[in-house]
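As structure tokens, the structure follows; a few thoughts come after it.
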Amino acid sequence: MKPNEPKDNSTFVLKSSLRIKALRELQAPVVMETHGGFGKLYDRCYSHLRQGVVFETNPEKTAKLARQRPDWAVYEADCLMALRAGVGSHLPVNFLDLDPYGEPWPVLDAFLESRRSPDQLVLVVNDGLRPSLKMNGGWHVKSLQAVVERLGNFGLYEKYLEIAQDLVKDKAGKVGYSLTRWTGYYTGHAGQMTHYAAVLERRS
């Protein structure tokens, strides 16, 4: 998504439904929201949970999130830098909610590489990278460099959901997880957003 491009908030019902279903995979979910925003997903999906972590860069939004969820750890911080520093690792997070509107891959890497995660980890993502792949734009996406080298630069837009699944499987495998369940779909205006959820289980 380009810096000045308006965010597509039309898919809230779908992404909240995806999260509610994914929560059922865990008996005791401990959620980390990497992009808290105005806290709408918390109200819809997470308000019954006593423990969690949320990041937000906007001071006014962060203050609202802190009032909204007094028992959670609320950080006014760039989630990428915070995760790389191990922020939030005091809680046994087993449900990672990535909602960056742009690409999720650097943030997912930072999370997986900075902490010892539990035996089961659930991942839910609102991924806005797909529009950048139009007109063979994959060459310009650093996090997809290996994908472009393997598949070429043609048709990545049409294949993006399959690419996302392969990336999750690969990144999870590097830290000892197997991808055991997956669901995903395109949504939003002209199918520009990609929603997916994954269940990762640590290999014995």
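The values are calculated or read from the model by the stated rules, or taken from the named source; none is laboratory data. In this text, all values refer to a predicted model and were calculated from it rather than measured experimentally. Cβ sites come from the backbone with ideal geometry, for glycine too, and all protein chains shown count toward neighbours. These area figures cover heavy atoms from the full protein model, side chains too; ligands, DNA and RNA do not enter into them. Shrake-Rupley method; radii C 1.70, N 1.55, O 1.52, S 1.80 Å.
Could you list all residues from segment 93-111 that are at pLDDT 95 or above and not charged (D, E, K, R)? Val93, Asn94, Phe95, Leu96, Leu98, Pro104, Trp105, Pro106, Val107, Leu108, Ala110, Phe111, listed by residue number. Scanning segment 105-113 for residues that are touching a residue at least 12 places away in the same chain (Cβ under 8 Å) and on the phi > 0 side of the Ramachandran plot turns up nothing. Of everything in segment 79-127 that is among the acidic types (Asp, Glu) and under 20 Å from Asn58 (Cα atoms), the residue that is farthest from the chain's Cα centre (by Cα) is Glu103. Could you check, for segment 78-87, whether at least one of its residues is open to solvent by 50 Å² or more (accessible area, probe 1.4 Å) and closer than 18 Å to Gly39 by Cα? There is at least one residue in segment 78-87 that is open to solvent by 50 Å² or more (accessible area, probe 1.4 Å) and closer than 18 Å to Gly39 by Cα. Consider segment 155-181 and keep the residues that are of a type outside the set (D, E, K, R) and surrounded by fewer than 15 Cβ atoms within 10 Å (Cβ to Cβ). The one that is farthest from the chain's Cα centre (by Cα) is Gly155.
Among the residues of segment 9-28, those that are out of contact with any helix residue (DSSP H, G or I) (no Cβ under 9 Å at 6 or more places or on another chain) and charged (D, E, K, R) comprise Lys21, Arg24, Glu25.
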